[in-house]
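Here the structure comes first, spelled out in structure tokens, and everything after it is commentary.
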Amino acid sequence: MPDNVSYAAPDLLAKLISFDTTSHLSNLALTDFITGLMDAHGMTYELLPNEDGTKANLYGTIGGDGPGGIVLSGHTDVVPVADQDWTTDPFTMDVRDARYYGRGACDMKGFIACALSQLPKLAAADLKRPVHFAFSYDEEIGCLGVRPMIAHIAKHLPKPDLVIVGEPTDMAVVDAHKAIRSFRVEVTGLEFHSSQTDKGVNSIIAAARMISHLAEIAEEMRQRGDATGRFSPPYTTLSVGRIGGGTATNIVPRHCWFAFEHRTLPGQDEDEISHRLMDYARRDLLPDMQKVYPDADITIETLAQAPGLKASEEASPLETAVMMLAGTNDRQAVSYATEAGLFQDVGIPTLVCGPGSIQQAHKPDEWVTQAQLEACDDFLSRLVDYISA
């Protein structure tokens, strides 16, 4: 056991919070700390670095290298704290009113702390199947890091029986979530003096018409609804989040851009909305724009995407066991996205279950309750017992 290391989940959480792993920064100091704990307990591991070596995925295994293992998956990066009004230092854990405060406390270093707290028990247990830790980078900017790790697992390693993604669910067991895609649209027109609007191509007006068309699609999605009745809100959602363009009020604007996202219900064509928007632009906007200026253009770029998690018609025996260990008979659905759909896409059954509430994620003074951390610790301890019996 490394000197001066407590395996109590709150102490591990305090250590993990102390590493500033905002997505634009490295996570290597944090992974160095974790691999030190793994070394001390005989856990084998692989580090899978990004292209420039500034970040790494970490895939650890204990209990042998056979098939049929259980993966505990979590991301090590956190969202920025810039321009947020924190009461205390976001990278120093503060304990108040039976809550643990700090960036990443619930999203999702709390789950990672609980997983690491099981290392002494895992090392001593007679495991009947392996347990894997899959800790990734750059989840917050599009589940980027976990993709090469999943590809590595699928190509080179024995197939696990189940993945548990520890995103905050208040320890409910989640078997379905929406997909997410985000886009940046660029509109190129022709600047001209605003007294001669017929000689220019107004990029902002074209962008506004596209945004209006997205609003119509959003209303259609609301009316289409959710046939399963499981999601809140009960339909595919669409939001325009940013816009910019123009030079001055007396210049017909040459350039405008906007960014939008949609969160589609599982099973819906994830290309539908972006394809419909571009069809509208090509059919109803570009012909008139290019009559005035042949080089006028509209492009769309995908910024981030993560597939939805689709519920299985019937829970597997292991999924049923996980629900029992979590103390629930129900599986729930959520509207936020995780890496769970990516694991499912390579044929690995996946659930989402972790401490804390998504309502606290990404906010100033992010927190997870003591009760939630204890519930996750107890759940994982029961899981170790179950696969050792």
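The values are calculated or read from the model by the stated rules, or taken from the named source; none is laboratory data. Note that the structure is a prediction, hence the values are computed from the model and not measured. A quick note on method: Cβ atoms are made from the backbone with ideal geometry, for glycine too, and the neighbour counts reach across all protein chains shown. Surface areas here come from the heavy atoms of the whole protein model, side chains and all, with no ligands, DNA or RNA. Shrake-Rupley method; radii C 1.70, N 1.55, O 1.52, S 1.80 Å.
Details
- Partnerless cysteines in the chain, where a partner means another cysteine C-beta under 4.7 angstrom, comprise Cys106, Cys143, Cys256, Cys353.
- Taking the Kirkwood radius as Rh and the Cα radius of gyration as Rg, segment 1-115 has a ratio of Rg/Rh equal to 0.98.
- Summing +1 for each Lys or Arg and -1 for each Asp or Glu among the other residues whose beta-carbon sits under 11 angstrom from that of Thr21 gives -2.
- Net charge of Cβ neighbours under 14 Å - reference Ala179; Lys, Arg +1; Asp, Glu -1: -4
- From largest to smallest, the equivalent ellipsoid semi-axes obtained for the chain from the alpha-carbon gyration tensor read 44, 23, 19 Å.
- With at most 16 neighbouring Cβ atoms within 10 Å, loop GluC sites (Glu not before Pro) (DSSP) excluded, longest segment of the chain: 52-312
- The chain, dipole about Cα centre (Lys/Arg Cβ +1, Asp/Glu Cβ -1), debye to the nearest 20: 480 debye
- Qualifying trypsin sites (Lys or Arg not before Pro) in segment 70-141, DSSP loop, other Cβ atoms within 10 Å at most 16: Lys128
- Percent accessible area from carbon and sulfur atoms, the chain, protein chains only, probe 1.4 Å: 50 percent
- With Cα atoms, 0 to 90° folded angle of helix 317-326 axis to the chain main axis: 80 degrees
- In this structure, the pairs whose alpha-carbon distance is over 18 Å, taken from Lys310/Lys363; Lys199/Lys291; Lys55/Lys155; Lys15/Lys109, are Lys310/Lys363; Lys55/Lys155.
- Dipole in debye (nearest 20) - segment 284-353, about Cα centre, beta carbon charges: Lys, Arg +1; Asp, Glu -1: 260 debye
- In the chain, taking the dipole from charged Cβ atoms about the Cα centre, the farthest positive-side position among His41, Thr22, Ile273 is held by Ile273.
- Cα-Cα P(r), segment 188-271, percent of pairs per 10 Å interval: 17, 35, 23, 16, 8, 1
- q = 0.21, 0.30 Å⁻¹, segment 336-389: log10 I(q)/I(0) [Debye, one scatterer per Cα]: -0.95, -1.06
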